[in-house]
Structure formats: structure tokens, C-alpha cells
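**Student:** The following block contains the structure, expressed as C-alpha cells.
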Amino acid sequence: MSKKAETAEAVSPSKMKAAPGSAVSVANADLARAAEPAPVENFFEVHLTQLARAMEHAPMQKHVRLILSEPKNEIIVNFPVKMDDGNFKLFTGYRIQHNNIMGPYKGGLRYHHEVTLDEVKALAALMTYKCALLEVPFGGAKGGIRLHTREHSTSELERITRRFTHDLGNNIGPEYDIPAPDMGTNSQMMVWMMDTYMNMHNLSDKNAQRRIVTGKSLTSGGSRGREKATGQGVVYCIQEWADERGFRLDGCSYTVQGFGNVGSHTAQILSRLGAVLVAVQDHTGSLYNPEGIYPRKLIDYVQTHGGIAGYAGAQAISDEEFWAADCDICIPAALELQITAEIARNLKCRMIAEAANGPTTLEAEAVLRERNIEVLPDIMANAGGVVVSYFEWIQNKRSESWQLQEVDSRLHFMMKRAYHEMRAFARERGVDNRTAALAVALERINTVYIERGVFP
Ligand code: GLU
């Protein structure tokens, strides 16, 4: 059984609950540490296996394989923050910098109660390959703090974010390592990070630090189209897949796991093309309506109720029924390792678009191959977020503000180009899309290592 879906990239700040704060403090203790989560399946090992498969098809120098097998830097900070009730709590924060041969480290920051070092390592590595595949001139990184966002008030989250930013110090920088939103974080948190970082620097060049993070609000230096970018990219990718096969999206059915930033935007954009959302799952439950669920109405409902449970426009179903729902396209947009072999055997879809990072287990992948269910892999399908983060970074650097149309058309071009590079590789070598996507990225990285060599 999979864990209940959390959502990829958090919902807007207005939806952050002003929780009583007391829920996180441990009785009779001023300093409480979040408990270590129990290990489930190792995401980093899964990633290494998939990488090894891709390396069989991408000629690689031995030393480059070696370099890529571990992150360059693993930063772990334990830091105290005062809670609303006056008690202190100790948090563990990670920033994993996987590789920067292609450009500054880049990647999101995850706030989740099950964040582990190995999870962040896998996510950081995926960023390296995502950027290389999309020709975004960045390397790969990821960060995270182990916490339950729903159990903290807005002011606690602000203090946690600011203290973490402070403690990362010069381990991040606008030309060195640029964080962004991921699951559990949003534009408000990015603005707190930016403001903290700016205040840690010279008054005279404060404004040059703006691009220390991406995914900011539009008013504080964000880009048009960044909020919906991951979802928009998922849909561009699905459109290419559909065009390639003469498949009509208008009237087709789909399901979404996770209804946060990524899941909800994907659904909204896909339904506008005439596709019908028949089932949704989030951390509060699963819903089904073969006549179609209106994403916009569900988004409004989630804003006031904190989850999809109880929504009147669909019937409640079990998690097993969600995964077995009849549909053309299944879109996991939540946590990693959600689609297990058992779920893969019951899926009724013909294609999976991985809006989440690493949602499919190795065993499940084998089942899907056997059942001829195609997968649009994470580093391709969900790359829209980092692509528009790159646009935001460029706009900040040049003091420009692009129109939405420009952002979308540039995003479309880059998604399309990478998609067809991946597909051409898959066709020519007779490999699956994930292997092809990773191999295209690996070839690029390998070339740069050959050209530059390794210091000294
Ligand atoms: N967290 C997103 C991802 O996994 C976006 C990262 C970014 O914009 O840097 O791709």
C-alpha cells in the first residue's frame, strides 16, 4: 500500500493553517527533535539502478560515472527555533548539491515530515539530469527540512525558513546554489528566504541578491507563469505524446494523485483541452466521478477545506479503487515510490505522466513494461518548474519582466525539444523513455567532463 498522497509544491500561503503550535512540542521538553521516520524503500538506490541502466546506453568515462554516483556536497544543519508556545524545537535541514559542472546548483526545498538524507540525495541527482536534458544551464541540488507544515503556524514557518537560510550561509548564492519551491514550500517561503539572504549581505548590493531563490511571488521578483509552470510543462509533454500517436486529448480521461500546486495546475490546464478528470487522490482521501470533476471547483473547495475529502461533486472511493480507476492517463503528482508493483498490475491507464519526482518503484516499472503502459519520466514530464525558474533567474539578472506569452512559448519550445530528443533516443536504441531521458542528459554531462577534465 502506498502512503497517502502529499502534494508536489505547496499550495498558496493563504492556505497555510494557523495551527496551535502546541501539536509539535513534546511534553515536558523545551527542546524537541522530530522523530526519525522509518525507512520504507530506498529512493536513492532506485535512482542509482535507473542511472546504471541508462549508462549502459550512454558511453561514459569511468571517472564521470564515479563522480555522478554521489553528490558533491551534503550539508546538514541542526538548528533551534522558538515555537509560538515559547518552547524551542530543533530541526534538521538538508541541502544536497549533486553536481555543478553544467552551471550553479539548482533545485527545490522540501518541507515534509518524512524527509531523509537519501531522499534528498535522489532528488538532487534528478535535478542534475533534468537540467541537462532540458539544456537549462544549471546543475542539480535539493534541500529539505523534516517537519509537518500543517502542524506549524505561519509565523513558526517563517522563523524556521529564515533560520535555515541563515544557517546555510554561503552554501547558497545567486551564482552558486539557487533554491526554489518543492513539496510543502511556496512563493511566500521563497520571499522569506530572499529577504533573509539579502539582509545577510552588503546594503549596497542587496538587490543583486534577488535571484538567490526562484519561485518567488510576482510582486517580490518572481516570474509570470512560474506558479503553474510545472503543470503547464506536464501538459505540453502530454500533448507531444498525444500528437505523436494521433491520440485525441479532447474527451480522454485522466486521474491525478496529489492536488497541490502541480496536480491542480496540471488538471486545470488539461481539462481546458477537453480531457476529463475522473479520479483524484490527496492526503485526505480519494474521489471518483466518471462524468468528470471540475478542477477549478475542486481547487476552491481545497482552499477552504484543506483537502479534497467531502467534496460534493464526486463520490468518495478507497485508495485501491483510485488506482484501479478506468482512464487513459494517470498523473502521479505527489511523493516518490507511490506506484508499487501491486498498483501497477491494477492500473487501467495506457500512459503515466510523472508529474512527481520518482513516483514509480523499480518493480512497478517492470510490470508496466510487461503491460505496455508507457511512462513519461519525471525528469522530462515535470521539468517545466525548473525551466521557468531559469527564466525567473534571467529576468532578475537583467532587471526584466517578461509577459506570460513569452514565458509560455519559451517553455513550450524547450519542453518540445527535449521531448523529441528523448523519443528519438528511445526509438533508435530500443529503450524506454526513462532510460533515454537519462542517457541524453548523461551524454551532455560526459562531454563537458571530457572537454574540461578534472582539476588538478
Ligand atoms: N522543485 C521543482 C523540481 O523538482 C523545481 C525546482 C526549481 O525550480 O529549481 O523540479
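**Student:** HN-Hα J couplings of segment 60-72 from phi, Karplus 6.51/-1.76/1.60, θ = phi - 60°, integer Hz, Gly and Pro as x?
**Tutor:** 3J(HN,Hα) across segment 60-72, in whole Hz: 10, 5, 4, 5, 6, 4, 4, 4, 6, 6, 9, x, 5.
**Student:** Ok, one more. Between residue 335 and residues 5 or more places away or on another chain, which pairs have amide H atoms under 5 Å apart, with H built 1.01 Å from N, and which residues are they?
**Tutor:** For residue 335, the qualifying residues are 6.
**Student:** Going down the list 89/228; 72/216; 348/416; 82/397; 216/416, which pairs span over 31 Å between their C-alpha atoms?
**Tutor:** Values: 89/228 34 Å; 72/216 27 Å; 348/416 27 Å; 82/397 35 Å; 216/416 26 Å.
In this structure, 89/228; 82/397 lie more than 31 Å apart at Cα.
**Student:** Further question on the same structure: Take the Cβ-Cβ distance between residue 273 and residue 429 as r, set R0 to 25 Å, and report the resulting FRET efficiency rounded to the nearest 0.05.
**Tutor:** E(calc), rounded to 0.05, equals 0.20.
**Student:** Which length gain, in nm to one decimal place, applies between residue 207 and residue 348 when the Cα-Cα distance is subtracted from 0.36 nm times their residue separation?
**Tutor:** On the way: separation 141, 0.36 × 141 = 50.76 nm, distance 5.14 nm.
Length gained between residue 207 and residue 348: 45.6 nm.
**Student:** Along its three principal axes, how long is the chain when you only count alpha carbons? Whole Å, largest extent first please.
**Tutor:** 60, 56, 44
**Student:** Amide H neighbours of residue 91 under 5 Å, counting only residues 5+ apart in sequence or on other chains, H built in-plane at 1.01 Å?
**Tutor:** Distant-sequence amide H within range of residue 91: 79, 81.
**Student:** Additional query: Among 146-154, 276-284, how do they line up from the highest to the lowest mean number of other beta-carbon atoms within 10 Å?
**Tutor:** Values: 146-154: 19.0, 276-284: 23.9.
Answer by packing, highest mean first, reads 276-284, 146-154.
**Student:** Subtracting the Cα-Cα distance from 0.36 nm times the residue separation, let me have the gained length for residue 171 to residue 66 in nm, one decimal.
**Tutor:** Values: separation 105, 0.36 × 105 = 37.80 nm, distance 2.34 nm.
Difference between extended and current length: 35.5 nm.
**Student:** Going 7 Å from the Cα of residue 199 along its beta-carbon direction, which residues of segment 80-94 have the amide nitrogen within less than 15 Å of the resulting point?
**Tutor:** 82
**Student:** Another question, if that's okay. When the helix-only estimate is applied to the chain (DSSP H runs of n ≥ 4, each -39,500 (n - 2.57), divided by the residue count), what is the mean residue ellipticity at 222 nm, nearest 500 deg cm²/dmol? Intermediate results must be reported in sequence, preceding the final value.
**Tutor:** Numbers: 15 runs with 194 residues, N = 456.
Helix-only estimate at 222 nm: -13500 deg cm²/dmol.
**Student:** By how many nm would the segment from residue 326 to residue 85 lengthen if fully extended, with 0.36 nm per residue of separation less the alpha-carbon distance?
**Tutor:** Numbers: separation 241, 0.36 × 241 = 86.76 nm, distance 4.83 nm.
Full extension of this stretch gives 81.9 nm more.
**Student:** What is the chain's relative contact order, in percent, from Cα pairs under 8 angstrom and six or more apart in sequence? Don't skip to the end; give the middle numbers.
**Tutor:** On the way: 971 pairs, mean separation 86.0, N = 456.
Worked out over the chain, it gives 19 percent.
**Student:** Within segment 100-177, list the chymotrypsin sites (Phe, Trp or Tyr not before Pro) lying in a DSSP loop whose Cβ has at most 16 other Cβ atoms in a 10 Å radius.
**Tutor:** Numbers: sites: 105, 111, 129, 138, 164, 176; in loops: 138, 176.
Here the sparse-neighbourhood loop sites are 176.
**Student:** Could you tell me which trypsin sites (Lys or Arg not before Pro) in segment 218-294 are loop residues by DSSP with no more than 16 other beta carbons within 10 angstrom of their beta carbon?
**Tutor:** Values: sites: 224, 226, 228, 245, 248, 272; in loops: 224, 248.
Counting only loop positions with at most 16 other Cβ atoms within 10 Å, the trypsin sites (Lys or Arg not before Pro) in segment 218-294 are 248.
**Student:** Another question about this same structure. Using the Karplus curve 6.51 cos²θ - 1.76 cosθ + 1.60 with θ = phi - 60°, what ³J(HN,Hα) values do you get for each residue of segment 163-178, in whole Hz, with x for Gly and Pro?
**Tutor:** Result, ordered by residue: 5, 4, 4, 4, 6, 5, x, 7, 6, 10, x, x, 10, 10, 8, 10 Hz.
**Student:** Need the C-alpha centroid separation for segment 79-124 versus segment 171-239, integer Å.
**Tutor:** 16
**Student:** Measure off 7 Å from each Cα along the Cα-to-Cβ vector at residue 78 and residue 371, then give the distance between these two points in nanometres to one decimal.
**Tutor:** 4.4
**Student:** Let me ask something else. Could you compute how fast segment 165-298 diffuses translationally, taking Rh as the Kirkwood radius over C-alpha pairs and applying Stokes-Einstein at 4 °C with viscosity 1.567 mPa s? Give it in µm² per second.
**Tutor:** Details: Rh = 17.0 Å.
Estimated diffusion coefficient is 76 µm²/s.
**Student:** Continuing with this model, one more query. List every residue whose amide H lies under 5 Å from the amide H of residue 185, counting only residues 5 or more places away in sequence or on a different chain, with H placed 1.01 Å from N in the peptide plane.
**Tutor:** Residues meeting the criterion, in which the H sits 1.01 Å from N, are 9, 10, 111.
**Student:** A further question on this structure: Counting DSSP beta bridges in segment 258-370, what percent are antiparallel, to the nearest 5?
**Tutor:** Looking only at bridges with both residues in segment 258-370, the antiparallel portion is about 70 percent.
**Student:** Which Cys residues of the chain have no other Cys Cβ less than 4.7 Å away and so no disulfide-compatible partner by this rule?
**Tutor:** So far as the 4.7 Å Cβ criterion goes, 131, 237, 252, 327 stand without a partner in the chain.
**Student:** Could you please state, rounded to a whole Å, how far the C-alpha centre of segment 284-327 is from the C-alpha centre of segment 339-392?
**Tutor:** Distance between centres, Cα-based: 21 Å.
**Student:** Leaving out ligands and nucleic acids, note down the accessible area per residue over the chain with a 1.4 angstrom probe, in whole Å².
**Tutor:** On the way: 17900 Å² over 456 residues.
Accessible area per residue, the chain: 39 Å².
**Student:** Which one, 355, 207, 190, is farthest towards the positive end of the dipole of the chain when Lys and Arg carry +1 and Asp and Glu -1 on their Cβ?
**Tutor:** 207
**Student:** Among DSSP beta bridges whose residues both lie in the chain, state the antiparallel percentage, nearest 5. Before the final figure, lay out the partial values.
**Tutor:** Details: 24 of 51 bridges.
Here the antiparallel bridges make up roughly 45 percent for the chain.
**Student:** From the Cα gyration tensor of segment 314-456, with a ≥ b ≥ c the square roots of its eigenvalues, which class applies: rounded if a/c is under 1.5, or else prolate if a/b is larger than b/c, or else oblate? Numbers along the way, then the final one.
**Tutor:** Numbers: a/c = 2.31, a/b = 1.43, b/c = 1.62.
Oblate is the answer for segment 314-456, as a/c is 1.5 or above yet b/c matches or exceeds a/b.
**Student:** Keeping the other protein chains in place, figure out the carbon and sulfur percent of the accessible area of segment 100-167, with a 1.4 Å probe. Before the final figure, lay out the partial values.
**Tutor:** Working: 730 of 1520 Å².
In segment 100-167, the share of accessible area belonging to carbon and sulfur is 48 percent.
**Student:** Next question, about the same structure. Sort segment 88-219 into rounded, prolate or oblate with this rule: let a ≥ b ≥ c be the square roots of the eigenvalues of the Cα gyration tensor; rounded if a/c is under 1.5, and if a/c is not under 1.5, prolate when a/b is larger than b/c, oblate otherwise.
**Tutor:** On the way: a/c = 1.77, a/b = 1.11, b/c = 1.60.
The shape class here is oblate.
**Student:** Need one number: nm distance between label points at residue 303 and residue 148, each 7 Å from Cα along Cα→Cβ, rounded to one decimal.
**Tutor:** Between residue 303 and residue 148, the simple spin-label model gives 2.7 nm.
**Student:** Here's a follow-up. I need the phi-derived Karplus couplings for segment 140-151: 6.51 cos²θ - 1.76 cosθ + 1.60, θ = phi - 60°, integer Hz, Gly and Pro marked x.
**Tutor:** Those phi angles translate into x, 8, 7, x, x, 10, 7, 7, 9, 4, 5, 9 Hz.
**Student:** How large is the charge dipole for the chain, taken about the Cα centre, if only the Cβ atoms of Lys, Arg (+1) and Asp, Glu (-1) carry charge, to the nearest 20 debye?
**Tutor:** So the dipole magnitude of the chain works out to roughly 1000 debye.
**Student:** Mind listing which chymotrypsin sites (Phe, Trp or Tyr not before Pro) in segment 254-335 are in a DSSP loop and have 10 or fewer other Cβ atoms within 10 Å? Don't jump to the answer; show the numbers that get you there.
**Tutor:** Working: sites: 254, 259, 288, 301, 311, 322, 323; in loops: 259, 311.
Answer in residue order: no site qualifies.
The values are calculated or read from the model by the stated rules, or taken from the named source; none is laboratory data. Note that the coordinates shown come from a computational prediction; the quantities given were computed from them, not determined experimentally. Here the Cβ is made from the backbone with ideal geometry for all residues, glycine too, and neighbour counts use every protein chain on show. The accessibility values were calculated without ligands, DNA or RNA, using every heavy atom of the protein model including side chains. Shrake-Rupley method; radii C 1.70, N 1.55, O 1.52, S 1.80 Å.
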